[in-house]
């Protein structure tokens, strides 16, 4: 009887234990669910609170080239905004109207601001900006640069969609687009006018697609002033806007190419066409009669990693020797004229020449570029005459003056120089100024009757252009500077302007296939006298302005190209152009009444007028007055310039006030043919700002880059800022994750924090219940043991 009572009591206790166990187990499972779920919620809330921009991805999840920013989750990253560009070029005679449509895509779950650094032709007159929001297009307004920036920043802070287009160089622009929503696409369209290039009977048009990484010399102290009372001199940065012209660059060895570009050209030449060719891209060409062609890229789009160039020639015997076009706007007439002078008969034998060849063998010239440069220079040296004198200077972050001065172009000296050039390899930084100074200052006096020529072979991938322009302007003397642009994405602004200031000419070589033809054209210019003392006047009417002013010298096959502003809408009279070829004068007259109608000429005149102002910057002592003159012309003609910008703002806020806004620079491809390791260093990740490309050690990131290198809304350390701006291979991404692997929750308790605390409390209770269960089990075991012993009795 006693045993039965004990067993009954045991069964009751078992039922209580089972119930307690179920309660404890349920509490434990609920607690685990709360911990896991609420930790996820806490992470999401922390990401939102701290400005986390995007859905998290792993490097292997990305199936196209992307820039990845690190998240606080080890091994997970955030995709930067993506870009696609559509280009439509309409060529009408000597004029081209170009529409560039940039589609900014936000793959993230947050609101972002994208900054894209992109190139345009150095002679482009940018006059339109449109931003598409839904079904609406918002027109950009031209404003003084600082005012435009303030309008943009205010709209950004108010959550309004806004775009800002700024000129950093005549061939480098930045487009900032703010408040791009999660998964959203913003369309920004830019339009510009430019003139077609002509030389040697060939017409050409170039659309640059990528900004090559620039070498920016470190700041130096050039002068020491003690009038500030501090006793210290302040360094002067030779590239004050270095952070504006740089972006992260993807390593092509481990990343797919990005930023696809589609492009079409509607070519209406105005004369019967012969050969039409694309220099660097495969294209489809459709014939639309004798004078028109439609050109499109094969395969719809290409990655933005090299310039697009289209060339065309007239049918045999149909090459135009002159052209005159006009546009009437606001009661004034704007003229565009071009005339190709005939080759002077019985030209005198060329003078003896003193040619200083300067070749860039820095890291940016590695790969195809250095091969093109070596071939070009070897060919040029072989073409020297025995009575010429010459020298070779090579530079990277060091410099070598091979002959230590000019020597006779004997067969032995030419062979030595060619062998030296063929042995050059590309590495190091791009310290161009010392080599230029040596070429202009240290080659001794010019021999009587000789013509001094400096031939510069480089990709021009530097950021201190103004410093080099000043050197050419101040010290060229009677020498003439010829620039040869090498590679798939040369700095055409530097090359063109350096040649203009140096009274020489610019030649572009984009592939080894072009070396012979392009250098042959350059030899013709080097070996023949230039047309000098060119001047233009109007007979029977008054011209308010003729550009360029002064008129440049011309070489064989180059036309005189000018624009003019006339005070009336129907002027009469004649345009007269005069010049000298050697000792032979040349003159031509063109009746203004015969001008054909053309659109956009006023924009070209204004662009060239601004260029004239900029060219005189070295001679003017009042920078504020210079800026005011540029601003007046740019505002009157709605043009982007160094002192004016285009800004577009949607009136309706789209980003909620409580949603954070993240910022990122859109990454660029490395230009085609460049060697990534030579540019950024074999063991260094590429930097988005402040790098000395071509050197083997990274430098500190620039201040503005660090401002955009943000981890979950907080400023990164300089080291991490550098890594964030780097092209993120899986290896580099792992390095970043190791430095940013901790989740930092906000200091104040959030709803998620409180829920986690409650979950932890539940876990403690569950553990307490489990402990009580163990006690009950021990007691029950004692009961059955006692019962068993009694049964055994």
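Structure values in brief
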read-out	value
Computed lengthening from residue 315 to residue 478, 0.36 nm per intervening residue step minus Cα-Cα distance	54.7 nm
Burial ordering of 538, 357, fewest other beta-carbon atoms within 10 Å first	538, 357
Antiparallel DSSP beta bridges within segment 353-527, percent to nearest 5	15 percent
Where labels lie 7 Å past Cα in the beta-carbon direction, separation of residue 153 and residue 593 in nm	5.8 nm
As computed over segment 353-527, the Cα convex hull volume per residue (Å³)	95 Å³
Cβ crowding within 10 Å averaged over residues, with 449-461, 426-438 ranked highest first	449-461, 426-438
Residue order, fewest to most beta carbons within 10 Å, for 675, 597, 90, 307	597, 90, 675, 307
Segment residue 569-residue 256, extension gain: residue separation times 0.36 nm, minus the distance between their alpha carbons	107.3 nm
Two-site FRET efficiency, residue 622 against residue 328, from Cβ-Cβ distance with R₀ of 56 Å, rounded to 0.05	0.95
Burial ordering of 532, 496, 537, fewest other beta-carbon atoms within 10 Å first	537, 532, 496
For a label point 7 Å along the Cα-to-beta-carbon line of residue 651, residues of segment 162-187 with backbone N under 18 Å	162-163
Theoretical FRET efficiency, 1/(1+(r/R0)^6), r = Cβ-Cβ of residue 527 and residue 398, R0 41 Å, to 0.05	0.80
Relative contact order of segment 353-527, defined on C-alpha pairs under 8 angstrom at six or more residues apart (%)	26 percent
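Each value in this text was obtained by applying a stated rule to the coordinates, not by laboratory testing. These figures come from a predicted structure and were not determined experimentally. Counting neighbours? That spans all protein chains shown, and the Cβs are built from the backbone with ideal geometry, glycine included.
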